[in-house]
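What follows is a set of notes on a single structure, which appears directly below.
Here, each number is a calculation from the coordinates, and none is a lab measurement. Since the model is a prediction, treat every value here as computed from it, not as a measurement. So basically every Cβ, Gly included, is an ideal-geometry build from the backbone, and we count neighbours across all protein chains shown.
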Amino acid sequence: MVFSSHIFLFYFLPIALGLYYLCPPRGRQLLLALLSYVFYGWANPWFVFLMLFSTVVDYCCGNWVVGRWRMPVLGRGEPAGPGLPPTRQRKLAVAISVVTNLSLLGFFKYLGFVQANLNVLLELIGQDAVQVYQVVLPVGISFYTFQTMSYSIDLYRGEAEPARDPLDFACYVALFPQLVAGPIVRYRDLAQQLRSRTHTLPKFTTGVFFFALGMVKKVLLANPMGQVADTAFAAAWLPWHDAWAGVAAYAFQIYFDFSGYSDMAIGIGLMLGFEFRRNFDLPYLSQSITEFWRRWHISLSTWLRDYLYIPLGGNRGSPKRTYANLAIVMLLGGLWHGAQWTFVIWGAIHGGLLALERFNDKKPVYGKLAPWARMTCTFVLVLFTWVFFRAETLDAAMGYLGLMFGMGQAAPGGHLASGLMYQPWYLLVFALCILVHLLKLDTWDLAQELRPRKLAVAAAGLAAAIAVLFTQSYNPFLYFQF
């Protein structure tokens, strides 16, 4: 079930909100968990059991970490601290959590990728290939495994309090507003809100505002840009300027698609009394790649920083070690997005650019240019990397890069794609996407002070988005595949 669907808009969300506010406060946690399981299991109920398994494992590991339960097989040992169990029990509990979650992620997301690459190696040495099994990827598994894993790690570090009861933790893992495509929410940020949260009319109104602008981003901006990008990347040949326009359209599609989803998730959370953190901050205004990653998918970049980069040593070692840590983190970040070499290369390029900026005293090589020029250079670099993110194969990515630099061979009918890309409606949306950034019209900032005029504009935008939604057959959420 996706937010921008008539089933969610006209049935699930109104029913969920109605039941939630009619339910006595003591029963809301259970109701919210059940509603979340319905939401997640709508397309494939079996995947609910997979999420429940991850939930149970990490709840048990959390109890072992803090000493609520004991692992008898370990015998006695020196306590890790006052009231804490032996250190080896705590480490084993965290290891079980990490291995279990990564195993789930590895099996469902990377089994086919590993088998396909193994076959390439076997072919090189003249051996028979193994059978490649196609495993259905559960929606949102990349997000909820990261969330549950962070719970056990935070307990081990003493940065979070253990869940009060299994229902609190189950509700945290399954919470439907951010379940399938983020933002990645840590338990320590929601722990107090799971126990007690406020429900006020201003908070609910702000939630509606977030949701409305998220729908506008998704339906009125991301979807049209997605159609332009699909036309460009499917074309056999494009003039160089059309190729750049096509990848720019994809850049706007993925930003407004994902930030729109995040806005809707934050909005629904506010309607239910939850407050999530900001996940995007107009990243295409960045003046360096380092700044870009402070503004893009903030919940993922901070997760990678806290649970991968810093444990690897961060920038505490030698400069070479720091560069290596950045490269490793971004390589794994690329692989997290998908089991393809294109994602690995995307991560490697970003890792290399981050290392280069670190080498250059945390500044890009174009750091002495005017601010607008630095912003333009950063955007061009990001466009270059988006080609690998969007292309279905490595060969397709290299072919598209060739078109961007005028290296493609003209093909009959190649200009037909240009006619499809530059329809008046698409040109208008292009202009709006640029205008949103230049005027710094970010939902989070606009919501800081809500006035009747803003609410009226948001309501009109939501009505327009819903009306257009019924005329669109193209309505994917890009991050559902990750």
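Placing unit charges on the Cβ atoms only, positive for Lys and Arg and negative for Asp and Glu, gives region 368-446 a dipole magnitude near 280 debye about its Cα centre.
Going by the alpha-carbon gyration tensor, a ≥ b ≥ c the square roots of its eigenvalues, is region 329-421 rounded (a/c under 1.5) or, if a/c is not under 1.5, prolate (a/b greater than b/c) versus oblate? Because a/c hits 1.5 or more and a/b fails to exceed b/c, region 329-421 counts as oblate. Between the alpha-carbon centres of region 296-324 and region 130-201 there is a gap of 22 Å.
Maximal additional length on extending the A43-L428 stretch stands at 135.1 nm, based on 0.36 nm per residue less the C-alpha distance. Of the trypsin sites (Lys or Arg not before Pro) found in region 134-222, those in coil by DSSP whose Cβ has at most 14 other Cβ atoms within 10 Å are R164.
Between the beta carbons of L19 and F359, assuming R0 = 56 Å, the FRET efficiency works out to 0.50 to the nearest 0.05. In loop segments of region 367-459 as defined by DSSP, the trypsin sites (Lys or Arg not before Pro) with at most 10 further C-beta atoms inside 10 Å of their C-beta are K368.
For region 218-232, backbone nitrogen atoms closer than 17 Å to the point 7 Å from T471 Cα along Cα-to-C-beta are found at 218-228. Among rounded, prolate and oblate, which fits region 384-455 when a ≥ b ≥ c are the square roots of the eigenvalues of its C-alpha gyration tensor, a/c under 1.5 means rounded, and a/b larger than b/c means prolate? Note, shape of region 384-455 comes out prolate. When +1 charges are put on Lys and Arg Cβ atoms and -1 charges on Asp and Glu Cβ atoms, the dipole computed for the chain relative to its Cα centre reaches about 1460 debye.
Protection proxy ranking, highest mean first, for peptides 34-43, 147-156: 147-156, 34-43, where packing is the per-residue count of other beta-carbon atoms within 10 Å, averaged. For K368, the lysines whose Cα comes closer than 28 Å to its Cα, not counting residues fewer than 8 places off in the same chain, are K320, K440.
A simple spin-label model places pseudo-atoms 7 Å from Cα toward Cβ; at L118 and R277 they are separated by 3.8 nm. Which net charge results when you count Lys and Arg as +1 and Asp and Glu as -1 among the other residues whose beta-carbon is under 13 Å from that of S301? In short, +2. The chymotrypsin sites (Phe, Trp or Tyr not before Pro) found in region 343-417 that occupy coil by DSSP, while having at most 10 further C-beta atoms within 10 Å, are F405.
What order do you get for 54-65, 85-96 when each peptide is scored by the mean count of other beta carbon atoms within 10 Å, highest first? Intermediate values should be presented prior to the final figure.
Working: 54-65: 22.4, 85-96: 18.2.
Answer by packing, highest mean first, reads 54-65, 85-96.
A simple spin-label model places the labels of A129 and L435 5.1 nm from each other, with each point 7 Å out along Cα-to-Cβ. In order along region 344-355, the phi-based Karplus estimate (6.51 cos²θ - 1.76 cosθ + 1.60, θ = phi - 60°) of 3J(HN,Hα) comes to 4, 5, 4, x, 5, 5, 5, x, x, 5, 5, 5 Hz; Gly and Pro are listed as x. Between L111 and A373, the contour length at 0.36 nm per residue exceeds the Cα-Cα span by 90.0 nm. What shape does region 86-161 have by the C-alpha gyration tensor, where a ≥ b ≥ c are the square roots of the eigenvalues, rounded means a/c under 1.5, and otherwise prolate means a/b greater than b/c and oblate the rest? Because a/c hits 1.5 or more and a/b exceeds b/c, region 86-161 counts as prolate. Model label points for L416 and R453, set 7 angstrom from Cα along the Cα-to-Cβ axis, are 4.8 nm apart.
Please report the spacing between the Cα centers of region 115-129 and region 212-268 in Å, no decimals. Taking the Cα centre of region 212-268 as reference, the centre of region 115-129 is 38 Å away.
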